[in-house]
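Read the structure below first, then the notes.
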Amino acid sequence: MPSFKDLFYNVFGWLLFGLINPLWRCISRIPALLLFSGWRRRGEIEHDPEQSEDKQRLRKYSSDVKAGVTEVLPDNRNESWPSEKKAEEEDELHCDYDSTWESEHVESPPSKKTTYSRGHRNYKFSRFENAARDMWNYRHDYPNLHRTQNSWQQEHDAKPNLNFYLGNTPSLPDGVYIKDFHNNWYGDYARLEYVHTFIQWLFPLQEPGVNYEAKTLTKQEIQDFLNSDDAKCNLRLSYELMLDFYGIKLKDVKTGEVTRAPNWSERFQNLNRHTHNNLRITRILKCLGTLGYPRYQAPLVQFFLEETLVNNELQSVKDSALSYFVFAVLNRQERQKLLKFAYEHYEPKEEFVWCPKKIQRVWSSHWQE
């Protein structure tokens with residue numbers, strides 16, 4: 001049995017440890033708290049427009065912004081939006097794969113990971129980052145695409161997509177000629193919705209699709225397609241076929257302006273119900289840019305932005321329109337205009353993740369004046 005003295009020392013030691021240990025943990029954290037406070041204060045100063053160089057940049061360019069975003073951006077494609085490299089790295093919405101605000105003349109995709117802000121924006125920005133990587137590869141002509149799958153086509157001078165569009169061969173596995181698509185499938189909405197093997201033939205790309213019997217485009221095939229008026233005319237008819245399926249009408253053949261078709265309400269409901277059509281629209285936009293109709297891209301994307309952000313229709317299309325459709329547009333200044341329009345009509349603006357914060361601050365400063 002322990003003595004009274006032993007019990008006294010045990011109890012005293014326990015009480016002493018119980019008091020000193022929490023006190024020591026609090027004291028030991030003081031330097032870290034002071035250091036963190038300094039970092040936080042420094043970060044607030046660096047990111048506060050009232051105390052940083054951002055305000056100077058906003059003043060400098062606010063007068064130019066009044067003329068529109070395309071006049072603010074430099075004409076030289078080797079230049080970028082006026083900013084510092086450090087500011088780009090610190091921008092919570094800076095995406096390395098978004099070359100909308102940078103030079104397009106890059107031979108390989110960016111290697112470092114992009115960053116995004118915390119909380120509810122994480123999912124939106126990460127989805128945009130994945131989309132931006134895909135769109136970067138498309139806009140830069142697939143620099144890392146392995147072309148082994150069409151090596152046989154190149155070796156044998158085979159042009160299955162061009163021959164299909166010239167009416168010489170049918171699609172596979174459906175066995176439908178291009179004229180039959182235009183004459184018999186136009187307005188057949190059930191077949192256009194539930195058959196999934198035709199879209200790769202009507203809108204071929206250099207990247208593969210889900211139809212293993214469809215062939216990817218080769219460089220020579222693209223050039224021959226662009227030199228064929230018949231092939232390009234048939235592609236335009238295919239585009240009009242799919243526009244009608246989506247409840248849209250090609251208003252101007254020269255400019256690519258589109259408008260609602262008479263059956264828009266019914267077709268919009270179908271678009272909202274079947275979101276796989278968002279993938280089809282992305283493919284269509286890419287194909288238009290590859291095979292001679294890049295001028296058709298921006299008007300179609302503008303249409304979807306108006307319907308989703310202004311008219312509050314096609315809510316199932318909105319995220320794809322912002323993350324994919326806009327960034328399929330090859331013309332950089334057109335992308336800038338589309339993003340400025342999107343930011344102007346998007347609510348709440350603090351959740352807009354599709355362009356860097358520094359760009360949003362320039363736009364906001366202009367509207368506040």
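The values are calculated or read from the model by the stated rules, or taken from the named source; none is laboratory data. Since the structure is predicted, the reported quantities are computational estimates derived from the model, not experimental observations. As a convention, Cβ positions derive from the backbone with ideal geometry for all residues, glycine included, and neighbour counts pool all protein chains shown. In case anyone asks, the SASA skips ligands and DNA or RNA and just uses the protein heavy atoms, side chains included. Shrake-Rupley method; radii C 1.70, N 1.55, O 1.52, S 1.80 Å.
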Inset, instruction - May I ask you to say which residue of 244, 230 is at pLDDT 95 or above, over 17 Å from the mean Cα position of the chain (by Cα), open to solvent by 60 Å² or more (accessible area, probe 1.4 Å) and within 22 Å of residue 186 (Cβ to Cβ)? - result: 230
Legend entry - residue 258 vs. criteria crowded, with 23+ Cβ neighbours inside 10 Å, in contact with a helix residue (DSSP H, G or I) (Cβ under 6 Å, 6 or more places away or on another chain) and closer than 19 Å to residue 203 by Cα: no
Inset, instruction - Please go through the range 155-185 and pick out each residue that is open to solvent by less than 10 Å² (accessible area, probe 1.4 Å) and in a loop (DSSP other than H, G, I, E, B). - result: 171
Inset, instruction - Please list, ordered by first then second residue, the pairs with beta carbon atoms under 9 Å, 6 or more apart or interchain, first in the range 156-183 and among the acidic types (Asp, Glu), second part of a loop (DSSP other than H, G, I, E, B). - result: 174/195; 174/197; 174/198; 180/170
Legend entry - Those residues of the range 339-355 which are closer than 20 Å to residue 301 by Cα and part of a loop (DSSP other than H, G, I, E, B), in sequence order: 346, 347, 352, 353, 354, 355
Inset, instruction - Look through 338, 300 and report the one residue that is touching a helix residue (DSSP H, G or I) at 6+ places or on another chain (Cβ under 8 Å), crowded, with 20+ Cβ neighbours inside 10 Å and farther than 13 Å from residue 246 by Cβ. - result: 338
